[in-house]
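To start, the structure under review is shown below, and the notes come after it.
Where a number appears in this text, it was derived from the coordinates with a stated rule and is not lab data. Model, not experiment: these values are computed from the prediction. FYI the Cβ positions are ideal-geometry reconstructions off the backbone, even for glycines, and counts take in every protein chain you see.
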Amino acid sequence: MSEITLLDGGMGQELVHRAGDRPTPLWSTQVMIEHPGLVAEVHRDFAAAGASVATTNTYAIHRDRLAGTEVADQFDTLLAMALSEAQNSGSARIAGAIGPLRASYRPDLHPDTAEAVPLFAEVAKTLAPTCDLLICETVVSVAHAADVLAGASGQGKPVWLALSVRDKDGTQLRSGEPLADVLPVIAASDAAAVLVNCSAPETIPAALDILAQSGLPYGAYANGFEQIAEGFLKAKPTVDALTARHDLTPELYADHAMAWVDHGATIIGGCCEVSPAHIAEIARRLHAAGHTIV
């Protein structure tokens with residue numbers, strides 16, 4: 001039997017559901033500002049469900065994402081706020097989340113390397129002292145992978161790379177590039193693990209076949225959206241442009257997750273629309289199968 005790292009689930013969507021507020025382009029950052037303590041509550045619920053890692057609510061805290069908003073000057077304050085909430089989670093480990101610049105699922109908006117690497121590095125440098133590892137999330141192109149790995153390196157903490165693939169094809173990044181094209185980038189970096197995230201669970205086995213070739217620990221955490229809708233790919237989108245799947249019960253999601261473990265994954269969890277109930281069912285299945293959550 002294996003030792004499995006069990007990540008938490010979808011912080012952003014869980015916050016939106018619990019707050020009951022209309023989503024804004026600032027997404028989980030806005031909820032954190034308006035509902036102090038709610039992020040820590042979600043962290044604790046995921047930990048109680050069995051997650052061994054708390055992922056910080058820092059995915060969307062980038063200078064370029066805050067530009068033009070009323071909190072554009074609060075970059076450092078917001079990062080500190082998210083880190084403080086994670087420290088109150090009771091989780092065994094904290095993963096510092098580094099999301100895409102400018103927007104999610106938009107490889108066409110990714111800035112050039114000279115701009116991107118310092119922006120990623122600034123976030124990584126702030127997160128690293130508080131976190132046990134850094135996780136670069138929803139990476140959608142080869143250039144994005146190279147830049148975020150360069151920015152996150154050198155902080156003395158393991159760096160995990162999480163790539164997002166197309167809704168119907170786990171062998172392609174959302175940019176349309178072959179997922180396999182990231183393997184040389186990973187080999188040239190100091191990445192400590194590689195994952196597929198924020199993708200349909202059905203596409204993940206094909207992606208894992210490719211990620212296994214990296215020789216690194218690998219895994220997955222899927223989302224629960226029907227698909228990434230066109231409305232979400234416009235300027236300053238809100239998550240109400242996306243539709244949650246109604247069939248993805250904790251039991252069905254755990255079926256997928258356990259299949260990833262059978263596929264060799266040693267790091268699993270959930271992304272958007274994956275709740276503490278989903279994580280609890282995965283934890284139950286892992287224990288029943290004789291695995292150890294680490």
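Quick notes on this structure:
- Legend: Rg and Dmax of the range 115-237, from Cα coordinates, 14.1, 39 Å.
- Note that the range 27-38 has calculated 3J(HN,Hα) couplings of 6, 5, 5, 5, 5, 4, 5, 7, 10, x, x, 5 Hz, one per residue in order, obtained from phi through the Karplus relation 6.51 cos²θ - 1.76 cosθ + 1.60 (θ = phi - 60°); glycine and proline are x.
- Were the residues from Asp247 through Glu70 laid out at 0.36 nm apart, the gain over their Cα-Cα distance would be 59.9 nm.
- Relative contact order [Cα under 8 Å, 6+ residues apart], the range 59-181, whole percent: 23 percent
- A simple packing score, the average count of other Cβ atoms within 10 Å per residue, orders the peptides 26-35, 194-203 as 194-203, 26-35, with the highest score first.
- Taking Lys and Arg as +1 and Asp and Glu as -1, the other residues whose beta-carbon sits under 10 Å from that of His110 total -2.
- Taking the convex hull of the alpha carbon positions in the chain and averaging its projected area over all directions gives 13.1 nm².
- Near Ala277, once Lys and Arg are set to +1 and Asp and Glu to -1 for all other residues with Cβ below 14 Å from its Cβ, the sum equals -3.
- Counting Cα-Cα pairs of the range 1-153 in 5 Å increments starting at 0 gives whole-percent bin shares of 2, 10, 19, 22, 21, 15, 8, 3, 1, 0, 0.
- The range 72-132: relative contact order as a whole-number percent, Cα under 8 Å and 6+ apart: 43 percent
- The chain: calculated mean residue ellipticity at 222 nm from DSSP helix runs of at least 4, using -39500 (n - 2.57): -11000 deg cm²/dmol
- Most positive-pole-ward Cα, Val274, Val39, Val139, against dipole of the chain from beta carbon charges: Val39
- Protection-proxy order for peptides 123-132, 143-152, 38-47, each taking the mean of Cβ atoms within 10 Å per residue, highest first: 143-152, 38-47, 123-132
- The chain - percent relative contact order, Cα under 8 Å, separation 6 or more: 22 percent
- For peptides 160-169, 184-193, sequence by mean Cβ density within 10 Å, most packed first: 160-169, 184-193
- Taking label positions 7 Å along the Cα-Cβ direction at both Ser2 and Asp255, the computed distance is 2.0 nm, reported to one decimal.
- Directionally averaged projected area (convex hull, Cα atoms, the range 88-171), nm²: 6.3 nm²
- In whole percents, the pair-distance distribution calculated for the range 43-115 from its alpha-carbon pairs, binned every 5 Å from zero, is 3, 16, 20, 19, 16, 13, 9, 3, 0.
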